[in-house]
Amino acid sequence: MAELTYTQTGDYLIPDIRLEETEDRPLGKYGRMRRAYLLENNQLLYNHLALTGKLFPHLWEVQDTATARIRQMMDELLAMNPAPDKKQRQMDWTRHMNALKAQAEEIVTAELINN
């Protein structure tokens, strides 16, 4: 463990502690969902990740994995259930695609976010 240095402020010694530099990247939908899940259901893990500085890298990883998994599942679901012709039946196409996305998001939420 690295030796701590202190700064004298009045009668007090204050440790010189610096957080590691991390990239400044916003959280997406799935990262925010994972953070909310951890706060509500697993505060011990949330606190551990936050105190060790690994919370945001964990949330970014979940975000990236969930996004890639949804893209992959959409392709698979679309291959199994082809969409109607978009030019002739626009509302049916939209309804079909929204249903497929809802299925993919439900599976990803159960597998990655709430696990």
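The values are calculated or read from the model by the stated rules, or taken from the named source; none is laboratory data. Remember, it's a predicted structure, so these values are computed and weren't measured experimentally. Note that we place each Cβ from the backbone using ideal geometry, even for glycine, and neighbour counts take in every protein chain shown. Note: accessible area is taken over every heavy atom of the protein model, side chains too, but ligands, DNA and RNA are not part of it. Shrake-Rupley method; radii C 1.70, N 1.55, O 1.52, S 1.80 Å.
Observations on the model:
- Dipole of the chain [Lys/Arg +1, Asp/Glu -1 at C-beta], most positive-end residue of 81, 115, 5: 81
- Cα-based reach from residue 101 at 22 Å (exclusive), listing lysines while leaving out same-chain residues under 8 positions away: 29, 86, 87
- Relative contact order [Cα under 8 Å, 6+ residues apart], the chain, whole percent: 23 percent
- Sorting 30, 12, 46 by solvent-accessible area of protein heavy atoms yields 12, 46, 30, largest first, with a 1.4 Å probe.
- Surface exposure of the chain, expressed per residue as accessible area with a 1.4 Å probe, stands at 78 Å².
- Solvent exposure of residue 73, expressed as accessible area, is near 10 Å², computed with a probe of 1.4 Å over the protein chains only.
- Helices of the chain meeting both criteria, an alpha-carbon length of 24 angstrom or more along the long axis and an average Kyte-Doolittle score not below 1.0, with helices taken as full DSSP H segments, do not occur.
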